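Right, one structure below, let's go through it.
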Amino acid sequence: MHKHYLTPYILEVTGDGCPPLADIIWAFLKGRRDAPLLDEDNNFLLRVHPDIRDVGSFTRFITLEAGRYGYAAELVNTVDNRRSYMRRINEAELLPFSALFWAPSSNMRFRNKAILILERIGNEGIKGVLGRDIIDFFRRQGCKLEMDYLMPDSFLSAILSSHRISKIRLIKHSIPTDFADERLRDWDTHGGTLEMILNLKQGFSERISRSIMAYFRNRNSASSPDGTFWRINSFDYDNIKIEVDIGGGKRTIDLADLKKVNPSILVSERLDYNNQNGLPTRESILREAARLLEELKEELLISR
């Protein structure tokens, strides 16, 4: 069974004079339904399935069909090892990728924002080609669109609760004035950075994880701290990164810029599958995507 993931993104229009983001998104989807994208530079075809489902509350559920072309390939039956079909050079193998868009056009606070949740099948995904296509469509409307990862609090919590933090890097984006004056003479304090690295033992790692999660849970409350995780005498740092041991490797998470952390969520075991095509049913993907969307909307409403 292939692994299936859901990855959330935040879309935001910057600049003045643009129509509500939802209006442009819906126009884009209808356009790609009628006229598929033929990316000749990357030999990639992308189209929107005709069934664009309005599921209410400014939300639409769609299927994007995408695949590569430009080379011939032999399709072989895995049971008897015989050729089933010889794909020609101008034929594309299209895989279905589900997507859930939430774009509240009538809400003035969020008229320039949207949430997109995209399905990924194993290592196969369409974020790159879809992102470029949407951003280019907005540009042609005279608008600038930004598309970044949107990390739910539960994702960060799952990482920190199930994996060990091995290292913390406290980063100052300049050289301390006293050090630059006394040791480097005429050097500009912005000529380098300074880091303090904390290597953590097992027990302390667990305590740090709880401290980080407590910070994120309270960052929007009246009792939220002033933007620093910990105060360290004589070291006024600007940023903090943590190194986490995951699957025999290490992953660095920048706590000041979580939009760069890929928050893909594995949902394979929670989906229902079609015995005929081996793919998850659309209803089960919609169910899991809608559940994630509700969590993201709640966090978005609190934090923005």
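Read-outs: derived from the displayed coordinates by stated rules, not from any lab. Every value quoted in this text rests on a predicted model; they were computed, and no experiment measured them. A quick note on method: Cβ atoms are made from the backbone with ideal geometry, for glycine too, and the neighbour counts reach across all protein chains shown.
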*Fewest Cβ neighbours within 10 Å first, please rank 147, 213, 86 accordingly.*
86, 213, 147
*By how many nm would the segment from residue 173 to residue 195 grow when fully extended, if each residue of separation counts as 0.36 nm and the alpha-carbon distance is taken off?*
7.1 nm
*Which aspartates and glutamates have a Cα lying under 15 Å from the Cα of residue 260, excluding residues fewer than 8 positions away in the same chain?*
146, 148, 153, 243
*Identify, among 69, 49, 94, the residue whose Cα sits farthest towards the positive end of the charge dipole of region 30-145, taking +1 on the Cβ of Lys and Arg and -1 on the Cβ of Asp and Glu, with the dipole about the Cα centre.*
49
*List, in order, the whole-Hz ³J(HN,Hα) value for each residue of region 75-87 obtained from phi through the Karplus relation with A = 6.51, B = -1.76, C = 1.60 and θ = phi - 60°; use x for Gly and Pro.*
9, 10, 6, 6, 7, 10, 6, 9, 5, 9, 6, 10, 6
*Report the extension gain between residue 12 and residue 281 in nm, rounded to one decimal, defined as 0.36 nm multiplied by the number of residues separating them, less their alpha carbon distance.*
93.8 nm
*Could you list 281, 14, 7, 78 in order of exposure, starting from the residue whose Cβ has the fewest other Cβ atoms within 10 Å?*
78, 14, 281, 7
*Quick one: order 79, 267 by neighbouring beta-carbon count within 10 Å, fewest to most.*
79, 267
_Reachable lysines from residue 172, criterion Cα separation under 19 angstrom, eight or more residues apart if same chain_ = 241
*Inter-label distance, nm, simple model (7 Å from Cα along the C-beta direction), residue 132/residue 52*: 2.3 nm
*asked:* Under the 0.36 nm per residue contour assumption, what length would be gained going from the current alpha-carbon distance of residue 74 and residue 93 to full extension?
replied: 5.7 nm
_Quick check: the distance between the Cα centres of region 263-304 and region 21-56, to the nearest angstrom?_
20 Å
